[in-house]
Each structure stands twice: as structure tokens, then as C-alpha cells.
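Some notes on the structure that comes next.
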Amino acid sequence: MKGRFRTAVLAILCVGVIALAAWQLPQLMAGEPLVPGLQGRERTLLRIWVVGSPGGGQSWLTQQLRAFEKQHPGVMTHLRVVRREDMADPDAVLPDVVLFMQGDMADASVLTPLMPDDALRPELLAAGRLGGEQYALPLCWGAWVLAIDSAIEPGTAVTPAPTTLLGRPSATAAPSSSPGYPLAAASAADVPLQSPGGAALMALAQLLPQGSRPPLPEDFAPRSSSEVYDGFRARKYASAMLTTGQATALTSLAASGSGFPFRIIAPETVVTDQVWYAGLTEDAPEVARQLLSFLTSQESQQRLAAQGLHTVRDDVSLYSSGFSHEVEQAARVQLSAANAFRSAQDVASAAWRLLQGAITWEEALASLL
């Protein structure tokens, strides 16, 4: 009796497995992703690869992806951080959306042309073009600022935390940036000034023209942005060129008692290689384009302030005071961004020549296009 019961149960299970396979086989043949427990045709899996990102960018993105999924119940996003080499792998199954920084993509061979969004800043849209085609849309950007350790400026006052235009405390509180650069005090330090290469040197050349710079260390410029940040945080450098995101992070540390007082000098105009771009691959579904529109919408862009990042829209302002406000205003005077597909080496070479006085400011900006 037990044997007959067991045989009957197995037969029922087999019939169920066969029926399930017959139901899902057409969807598998069509190449559609299947989600356990839900009909495959009711769900769309949106694959997103991050090749590079600015500080705070992924935190902002994760929050926006959750909001997008709530607005699109049939969509599920999958975020993956990859290496540059993964994009060039001929055997790789490419994602739908690619997020990258300047220098991360040598060309646009895996991307498909996009319709430019007139609501976005024209300078940033231009930086996402190659051969006259729009292959990348800007999502947000950061800039370069000069940070000065208060240890070489005894008694330097620190301003209270500013607020955003929305009235909430800003994550980008910063010491006052009104005084000039303390050349004599910095020159007396063991390491007066440190900076990464690239657009950071262009910003430095604007902030400290020749004749107003302290002695430069032998290892000046070849260090990476993260190495310069770590060195300044460890108080090895009297002053350093930092990204606005790094300056925001240091300010948060100082506010919590884990950091030290410092102040920021912001540029009068902005030249940057810290733009976050988004591109689509050829087979990306229509919902991928909807995602890019969502990320560049006013609602999503307003949430960049929590990470100290800047908006790509002309009709959105995020900061009412502090160095982020100064950077925001400087960008309204002039914003120059390195082309998304320009090699980092090209930008670094032009920046170094500008710092040495070998080329003019106009020639350096032209090299970014």
C-alpha cells in the first residue's frame, strides 16, 4: 500500500515538473529572464554595469533605482561593478546600461546613440558626444577644489554647516573659503602641496598661477586621487587638490569629531573630469531609456545634494552656502568637462603642460574636447 502511494506521489510530481518546463520553455527560447514565482513575461531584468563612479555616486544611484522600481512594478534592476577590461571582453554578455567616468571607455563601440535631452546642460551633453553622435548622457558631476589644513593657519575660523535650498542640513558643510592661499605658511611645511594629475592640475593652475605656488614635491601629480585624499586626511600635506566629494567626506569627519579643521578655496570657473556618464548598449530595452530619463529628472537630481554631488540640469540649484554653493555658482560662469571618451593620458598631458606654462588656458580647454 505504501509502495502504491509513493508511486502515485512521484507520478504527480513528474507531471508537475513536465508542465512547468512546458510553460517556461517558450520564454527561455525567447531569451527572456525568468523570475522564480512570477511569470517571466511580467518582469523585465535591467542589467546595469558600473565601470567607474564619483564618490557618493553609487549611494545616490542605489536609492534612485529603488524609487524607479517602485514606479515600474514590472522592472527589476541588477547593479554590478566591473573593471574596464570587462567591457572589452569579446565573450562578455553586455549589460543594458553602462555607467562610467571620463577615461573609462576608450570608444563607444558597445554603445548605441541616444537622443539628447534639452533639459541637460549643453556643456555636459557635448562631452558625451563622439563623432557628432550622443553616446553618453551626464548623470551628475563633481569638481576640484583646494583644501588647506588649518595646522598651518592657527586661529582660522570655521563656518557653521550651510543648508541646502530645501532647508535641510547640507552634507557639504565647509570651512570658509574667503581668504587667499597662505603661500608663506604652506612653503614652510614638509610637503606644501600635493595633487593628482588630469583636470585637477588645470583647476590648480587657475587657483594658483605661476609665481603663487609653494615648492612642489618630487612625487607631485603622479599620485592617484585616492592617494592624495588619504595623504591629506593623514595630515601629510599642508594643502591638496581634492574632489568636491572628498571635501564633503572630510567635512563630515570633522563635524563628527573624527577629522580636523580645514578650509576650501573654490575656483571661479569649473574645469572637470569628474562627470558620471550613462550609456545604453544596442539591445537595451525601452525601459532602459526611461531609467536614464528618471535619473536626470528634477526629482532625482535634487537628491544629489545628500552626497555633495552637482546637478546636470540648469533648472535645479542644490546649495545655498559653503564651498558647494561656490562651485555651483562657478559652473554657471563657465563649466568645461573633458570628453567622456578622451583618454586620461591625453587630459593629464595637457594639464601638466598648462601648469608649466607651455600652453595657454584656451589650448588646454580645447584639448579636452
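For the stretch 68-82, 3J(HN,Hα) computed residue by residue from phi via the Karplus equation (6.51, -1.76, 1.60; θ = phi - 60°) reads 5, 5, 5, 6, 10, x, x, 10, 10, 9, 10, 9, 9, 8, 10 Hz, glycine and proline entered as x. Asp89 sits with roughly 70 Å² accessible to a 1.4 Å probe, with DNA, RNA and ligands left out of the calculation. Under 5 Å from the amide H of Gln134 lie the amide H atoms of Leu114, each residue being 5 or more positions distant or on a separate chain, with H modelled from the backbone and absent for Pro and chain starts. Per residue, the solvent-accessible area of the stretch 247-303 (1.4 Å probe, heavy atoms of protein chains only, all protein chains present) comes to 37 Å².
Computed from backbone phi with θ = phi - 60° and the Karplus coefficients 6.51, -1.76 and 1.60, the 3J(HN,Hα) list for the stretch 283-290 is 9, 4, x, 4, 5, 5, 5, 5 Hz; x is used for glycine and proline.
If you plug the beta carbon distance of Glu268 and Ser349 into 1/(1 + (r/R0)^6) with R0 = 22 Å, you get a FRET efficiency near 0.35. Accessible surface comparison of Arg233, Arg121, Arg43, probe 1.4 Å, protein chains only, largest first: the order is Arg233, Arg43, Arg121. Accessible surface of Arg80, taken over heavy atoms with a 1.4 Å probe and every protein chain present, rounds to 110 Å². How far is it, in nm, from the label point at Phe260 to the one at Glu286 when both lie 7 Å from their Cα along the line to the Cβ? Modelled inter-label distance: 5.8 nm.
Note on the stretch 262-349: the C-alpha convex hull projects to 7.8 nm² when averaged across all orientations. For Ala284, neighbours were defined as the other residues whose beta-carbon sits under 11 Å from its Cβ, and their charges (Lys and Arg +1, Asp and Glu -1) total -2.
Sort the stretch 249-307 into rounded, prolate or oblate with this rule: let a ≥ b ≥ c be the square roots of the eigenvalues of the Cα gyration tensor; rounded if a/c is under 1.5, and if a/c is not under 1.5, prolate when a/b is larger than b/c, oblate otherwise. Because a/c hits 1.5 or more and a/b exceeds b/c, the stretch 249-307 counts as prolate. Under the shape rule built on the C-alpha gyration tensor, where the axes satisfy a ≥ b ≥ c, the stretch 179-268 is rounded, since a/c falls short of 1.5. In a reduced charge model with +1 at each Lys and Arg Cβ and -1 at each Asp and Glu Cβ, the stretch 206-318 shows a dipole moment near 620 debye about its Cα centre. Taking a sphere under 13 Å around the Cβ of Glu85 and counting the other residues whose Cβ falls inside, with K and R at +1 and D and E at -1, yields a net charge of -2. Classify the stretch 273-313 as rounded, prolate or oblate from the Cα gyration tensor: take a ≥ b ≥ c as the square roots of its eigenvalues, call it rounded if a/c is under 1.5, otherwise prolate when a/b beats b/c and oblate if not. The shape class here is oblate.
Here is the list for the stretch 233-330: GluC sites (Glu not before Pro) lying in DSSP coil, each with at most 16 other C-beta atoms within 10 angstrom of its C-beta, are Glu268, Glu282.
The values are calculated or read from the model by the stated rules, or taken from the named source; none is laboratory data. Owing to the predicted nature of the structure, the values given are computational and were not obtained by experimental measurement. Here Cβ is always computed from backbone atoms with ideal geometry, including for glycine, and neighbour counts include all displayed protein chains. Heads up: the accessible areas ignore ligands, DNA and RNA and are worked out on the full protein's heavy atoms, side chains in. Shrake-Rupley method; radii C 1.70, N 1.55, O 1.52, S 1.80 Å.
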